[in-house]
């Protein structure tokens with residue numbers, strides 16, 4: 001009897017230290033959500049060109065019992081419900097394979113993502129990045145390109161979602177009369193930007209007995225660089241640039257949702273954990289990393305927690 005009690009106590013202590021800690025139990029819900037974003041495409045066109053093809057292609061996935069979808073302007077959500085005895089990890093692969101088969105038939109601008117619905121799908125922590133002196137565009141860039149990658153590298157962190165702020169972009173406003181005179185269309189300008197605004201490789205070259213991969217950056221960083229981009233060349237060899245066809249200015253992406261933190265405009269960081277990770281341990285590592293990040297930030301930028309599930 002004493003040996004049995006000691007064995008149970010040791011086993012209980014071991015499980016207490018090794019079982020992942022979370023507010024909610026690990027439940028493998030038989031549900032997959034397909035989220036689609038396609039700008040501002042009208043609802044009728046979304047249903048015909050995106051929602052219906054996706055619904056038809058996923059019908060071949062084994063174990064599927066029910067399909068529900070909600071389509072709105074520029075977005076769609078398709079819920080797939082399966083039987084409880086299916087392997088959801090494998091089923092997600094089947095769903096992604098089905099989406100890949102029909103991807104070429106969808107509009108090229110459509111973004112399609114499939115996710116398993118678990119308790120780990122929701123954030124366990126949230127931080128706000130605020131400043132009274134730094135512009136919202138810089139806060140967004142800092143959160144996206146500096147803070148987010150450092151948090152993504154932490155053990156147990158699944159995804160980091162950046163919300164709010166102002167996303168910088170360039171606006172090209174063509175002059176219709178100049179387009180007509182130069183015989184240039186809007187699609188010509190769009191195609192030019194797609195072909196030139198990229199990083200490409202001209203190939204390999206030998207140097208000092210080493211084979212080096214060359215990279216050439218054509219990414220534009222200022223309105224002036226966009227204005228100097230050549231759209232076409234006339235029959236007499238005169239280049240027609242974007243700046244000759246209209247105006248180019250630096251702007252921000254339209255904002256439809258206002259995000260604030262501590263009464264100030266803010267950029268939010270929502271952190272999701274991996275399904276089998278320990279919430280307390282992940283939160284501790286995130287807190288420590290945020291403390292290190294705060295020390296390296298320019299003066300006037302503050303990172304504050306607004307949600308902590310641990």
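The values are calculated or read from the model by the stated rules, or taken from the named source; none is laboratory data. Computed from a prediction, not measured in an experiment: that's the story for all the values here. Virtual Cβ from ideal backbone geometry, glycine too; neighbours counted across all protein chains shown.
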Which numbered condition residue 173 fails, given (1) assigned to a loop (DSSP other than H, G, I, E, B); (2) farther than 30 Å from residue 160 by Cα: (1)
Failed condition for residue 133, given (1) assigned by TED's automatic domain parsing to the domain that holds residue 150; (2) touching a helix residue (DSSP H, G or I) at 6+ places or on another chain (Cβ under 6 Å): (2)
Qualifying positions in segment 43-65 - within 12 Å of residue 33 (Cα to Cα) and more than 25 Å from the chain's Cα centre (by Cα): none
Selection status of residue 282, touching a strand residue (DSSP E or B) at 6+ places or on another chain (Cβ under 6 Å) and either part of a strand (DSSP E or B) or not assigned by TED's automatic domain parsing to the domain that holds residue 163 (or both): no
Test: residue in segment 187-203 that is loosely packed, with under 10 Cβ neighbours inside 10 Å and under 14 Å from residue 245 (Cβ atoms): yes
Condition met for residue 106 (surrounded by 16 or more Cβ atoms within 10 Å (Cβ to Cβ), at negative phi and in the same structural domain as residue 245 (by TED's automatic domain parsing)): no
Count of segment 241-276 residues which are on the phi < 0 side of the Ramachandran plot, assigned to a loop (DSSP other than H, G, I, E, B) and either exposed (fewer than 14 other Cβ atoms within 10 Å of the Cβ) or over 22 Å from the mean Cα position of the chain (by Cα) (or both): 7
Residue 236 part of a loop (DSSP other than H, G, I, E, B) and without any contact (Cβ under 8 Å) to a residue 60 or more places away in the chain: yes
